[in-house]
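The values are calculated or read from the model by the stated rules, or taken from the named source; none is laboratory data. Predicted, not measured: the structure shown is a model, and the values here were computed from it. All Cβ positions, even for glycine, are placed from backbone atoms using ideal geometry, and neighbour counts span all protein chains on display.
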Amino acid sequence: MFDIAILWEARELILQGLWNTVWICFLGCLLALSLGLLLAALRLANPQVFGYPVACYVELCRGIPLLILLFLLYYGGPSIGLTLSASVAGVVGIGLYGAGYFAEIYRGGFKSIPKGHVEAARMLGISPFHVLTRIQIPQMARLIVPPSTNQLIILVKESALISIISVNDLTKNATSIVNETFHVIEPYLAVALLYWLIIELIARGGYALEKRLANRQPRPIEPLGDTLHANG
Amino acid sequence: MFEILLNHYPALAEGLIITLVVSLSAIALGLVLGVLLAFGLMSRHRLLAWPCGLYRSFWRGTPILLQLLLVYYLLPEVGIELAPISAAILTLTLNTAAFQSEIFRSGISHIPAGQIEAARMAGISAWQTRKRIIMPQVFRLTLPPLTNEIITILKNSSLISVIAVTELMRVSEQIASRTFQPLETYLAAALLYLAVNLVLARLSAYLERRMVGGLATE
């Protein structure tokens, strides 16, 4: 029943799909991570001005399906003079959508650092800048790795939706193979396996990063800060 | 955007109802399957735990769009003819069952073992212990992640439009192609999805506040 020859004959389509899925996901996730960081930073820096708009943005990302966002960008964009190719719409869609989730992950990580740490550090005469870079950010990094890994995995899986706006990604090319060969199981299972592989790699990477951050010994902080750059 | 909402509200409302029916039936069916699967995952018998783990890995580790296409095209191959809407409910159910099983597994593992031991000591059967002692507490513990899952399924139900189920997304596509106003139409659809999800989130927050009492403590 399982005919591996079909996959061999369609290897070029599968590899093309894999490549498109990988680069679009990579750029989309990169955009999501950085835009999310920007949003979280704005919100934490000035909650009075940016708190409400960022909170609204987060709610939008949570409440609207990615497919709608992709359709808005790809089909709705031209009405306001924004013409994007399907792949670019995919990258932008994944980026905008993921940013809302990442903003919330960063903020959650930052908020869960005990206030006492900051107060104690300030009491000891450590400058606000060093409190941020040496006390708050390292602790936050450890906290946000697991949920971020999770979110990256969700974004890779959701990236299959770009096939609907005609990007030749893994899902689209698998469907093309199905339509050409009339074999359903082989292409879809092969592609499912490839997605699973990408996801497994991200999960492993996240886990390794988490362990590294957990094992890292804190470097001593001098209150005056003049030896900070000595032992990099 | 509001013009579209006003002019096409019967079609949009119909689509929204299909979206709700499909999502909520998948959630309800997935809940039953998810609870059973959670107990399967936690079973001491390898022969039961292992296939449950494999099931969870597959349905959590692949894109839901791929799962939908696989179910939709595969069923006729093995001689089962299903209407698109049934295939859609089936896929969403099988998918959410895997995610819900993980939510319940985590919830069940938070119930203090002493309670279960005490119940068994008092002569309450294993099945009654699950039904009367474990599950009522688990539902309270898992309400927030469960709400997230409901919202996720509602959002994911938009992609069943690809197998021609005329839910909200599909209806919007039809309106967009008729009116040549894709931006306004999809914004209107986005507004409807957002409204439903916000109501759900508020409802869950309200329930959570009400259910705080009577929780298991260590």
* To do: Check whether at least one residue in the stretch B:56-68 is surrounded by 16 or more Cβ atoms within 10 Å (Cβ to Cβ), at the interface with chain A (Cβ under 10 Å from one of its Cβ atoms) and hydroxyl-bearing (Ser, Thr, Tyr), and report yes or no.
  => yes
* Please go through the stretch A:114-126 and pick out each residue that is exposed (fewer than 15 other Cβ atoms within 10 Å of the Cβ) and not in a helix (DSSP H, G or I). => A:114, A:124, A:125
* State the number of residues belonging to the stretch A:129-150 that are surrounded by 21 or more Cβ atoms within 10 Å (Cβ to Cβ) and polar (S, T, N, Q). => 1
* To do: Name, by its number, the condition in (1) more than 8 Å from every other protein chain (Cβ to nearest Cβ); (2) closer than 29 Å to residue B:87 by Cα that does not hold for residue B:134.
  => (2)
* **residue A:62 farther than 21 Å from residue B:155 by Cβ and either surrounded by 19 or more Cβ atoms within 10 Å (Cβ to Cβ) or charged (D, E, K, R) (or both)** => no
* at pLDDT 90 or above and within 23 Å of residue A:154 (Cβ to Cβ): does that describe residue B:90? -> yes
* **Tally of residues being among the hydrophobic types (A, V, I, L, M, F, W, C) and under 26 Å from residue A:210 (Cβ atoms) across the stretch A:121-143** => 8
* To do: Test residue A:104 against the stated conditions and say whether it is surrounded by 21 or more Cβ atoms within 10 Å (Cβ to Cβ), within 14 Å of chain B (Cβ to nearest Cβ), in a helix (DSSP H, G or I) and among the charged types (D, E, K, R).
  => yes
* Asked: Among B:170, B:140, which is the only one that is within 22 Å of the chain's Cα centre (by Cα) and within 13 Å of another protein chain (Cβ to nearest Cβ)?
  -> B:170
* Cβ-Cβ under 7 Å pairs, at least 6 apart or on other chains, the stretch A:1-29 side among the acidic types (Asp, Glu), far side surrounded by 15 or more Cβ atoms within 10 Å (Cβ to Cβ) and modelled with pLDDT under 90 -> A:3/A:183; A:3/A:186
* In this structure, does residue B:165 turn out to be aliphatic (A, V, I, L, M), out of contact with any Cys (no Cβ under 6 Å at 6 or more places or on another chain) and within 17 Å of residue A:68 (Cβ to Cβ)? -> yes
* To do: Return the only residue of A:81, A:76 being free of Cβ contacts under 8 Å to residues at least 60 places away in the same chain, buried (at least 20 other Cβ atoms within 10 Å of the Cβ) and over 20 Å from the mean Cα position of the chain (by Cα).
  => A:76
* Matching residues in the stretch A:61-83 - criterion: being part of a helix (DSSP H, G or I), more than 7 Å from chain B (Cβ to nearest Cβ) and hydrophobic (A, V, I, L, M, F, W, C) -> A:61, A:66, A:69, A:70, A:73
* To do: Sort out which residues of the stretch A:148-171 are in a helix (DSSP H, G or I), over 13 Å from residue A:91 (Cα atoms) and more than 10 Å from chain B (Cβ to nearest Cβ), and write them in order of number.
  => A:148, A:149, A:150, A:151, A:152
* Taking the stretch A:173-188 as the region of interest, how many residues are more than 8 Å from every other protein chain (Cβ to nearest Cβ) and surrounded by fewer than 21 Cβ atoms within 10 Å (Cβ to Cβ)? -> 7
